[in-house]
Structures are given as structure tokens and as C-alpha cells.
Amino acid sequence: MSELLVDFITSLDGYASGEGWPGFWGLEGPEYLAWLGEQPEVTYLMGANTYRLMSGFAAGEVPTGQDEFRPEEEASVDELTQASKVVFSSSLEEPLTWANSTLVRDDAVEAVRAMKSSGSGLLSTIGSLSLCRSLLRAGLVDRFRVVMFPVITGATGEERIYDGYPDVALEMIEHRTFDGRIQLVEYKPRVLEQPPLGAPA
């Protein structure tokens, strides 16, 4: 049976990106990049918006505000290009142009449920906030990992990650600090019907 990891990189205040900021907020360091390079092979899951953005980067479109990719960003995109990717969308058309990408039009929750039960290895989300939220609500997420970068992007932050989430209890299974400033926390999530002490009378 496959394991499903929801994987985010965020600012401290929970944004997935910030207008005018480079990838990794420009704060990736050698320890963090080495750890990224050691990650096991995964099949990435994403929605249409993330696919359009990332496949554009793979085709050479540079993020707004930058003249060119930094080497770290280019390496990250190259690794994604080589990886297996499953894209859930009713709006994209086949064939998908980004290498190693498969389009699935079926309901994402049911498709991932089937992938988990019939497959092996690791499934991991990338971006795709609404997909991650749906998979978590459905109880399909085995591990929830967040790497927090030491910035607050209150003025420029985009894509608030946790809006619309259910209440979730998190059991910590891993934590680590990279380069003295980047914090990883990884949890086993459990969706709650109500707060643990019950609603107030």
C-alpha cells in the first residue's frame, strides 16, 4: 500500500509564496539543499494550477520579478521534470507537455484512494492547496510535513495554506533544523469532528 505525504514549504505565517520573493524565499542553504537531494523517489500529485505554473518553469518561464532562475531553482525544476507526476484536472487537455505527467479526470479523492490501495512507494503532493485540503478531509494523508522559512510575508504573502481546513490533531513524528534557520516539522494528522474537549455549553 502506498503512503501519502502532504508536503509544504511556507513562510512562518503560513503562506506558500510571496509576491516579489524568489523560490525558497532566497533562504535555502547547503544543509537543506543536501536534504532535498536525499529524498526518496516519489510520485507527485498536483492540480491544474500547480501543473500550469511548474510546467511553465520547466519550459523556461522565469518567475515574475526575476531575470533568470537561480541554480538552486533550476535544479529543483529539473528534478521535478524527471519524476512521475499525476495531474488531477477537468480543464487541461491531453497530451500533457511536461515529461512524465499523467492526466486524471476522475474525482481526485477516489483516484488517490485507489492509488494508495493498489500501489506501493510514496505519493507526495506539491503545491495544490485545494487538492491537499480535500485529501486531508478524506482521511487519506499519512504524513503532513511543513518546512518553515524564517520570514513573515504579511504584506506580500500569497496562497494562505490553512484557510478552509478542518480542525486537525497532529502527532509529531519528525523535526529538524537546517542551516540554523529553516525548521522542518512532520506530523501524523488526524481530522477532528470537533475540538477534543467538545463544544462549549
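Things worth noting here:
- Checked against the criterion of being within 22 Å of Phe24 (Cβ to Cβ), open to solvent by 20 Å² or more (accessible area, probe 1.4 Å) and touching a residue at least 60 places away in the same chain (Cβ under 8 Å), region 181-198 has at least one qualifying residue.
- Options Val141, Val87; residue that is modelled with pLDDT of 95 or more and closer than 22 Å to Ser55 by Cα: Val87
- Only one of the listed residues (Glu68, Glu3, Glu72) is open to solvent by 50 Å² or more (accessible area, probe 1.4 Å) and either within 25 Å of Tyr162 (Cβ to Cβ) or at pLDDT 90 or above (or both). That residue is Glu3.
- Just one of the listed residues (Ser17, Ser55, Ser11) is of a type in the set (Ser, Thr, Tyr), in contact with a Gly (Cβ under 9 Å, 6 or more places away or on another chain), surrounded by 17 or more Cβ atoms within 10 Å (Cβ to Cβ) and modelled with pLDDT under 95, and it is Ser17.
- Residue satisfying all of: in region 97-127; among the hydroxyl-bearing types (Ser, Thr, Tyr) and under 21 Å from Gln39 (Cα atoms); surrounded by the most Cβ atoms within 10 Å (Cβ to Cβ) among these: Thr125
- Residue ID - farthest from Phe57 (Cα to Cα), chosen from residues in region 75-96 that are open to solvent by 20 Å² or more (accessible area, probe 1.4 Å) and polar (S, T, N, Q): Ser90
- Within region 24-35, the presence of at least one residue that is part of a helix (DSSP H, G or I), in contact with a strand residue (DSSP E or B) (Cβ under 7 Å, 6 or more places away or on another chain) and surrounded by fewer than 17 Cβ atoms within 10 Å (Cβ to Cβ) is confirmed.
The values are calculated or read from the model by the stated rules, or taken from the named source; none is laboratory data. Note that the structure is a prediction, hence the values are computed from the model and not measured. Every residue, glycine among them, receives a Cβ derived from its backbone with ideal geometry; neighbour counts consider all protein chains shown. Ligands, DNA and RNA are excluded from the accessible area calculation, which covers all protein heavy atoms including side chains. Shrake-Rupley method; radii C 1.70, N 1.55, O 1.52, S 1.80 Å.
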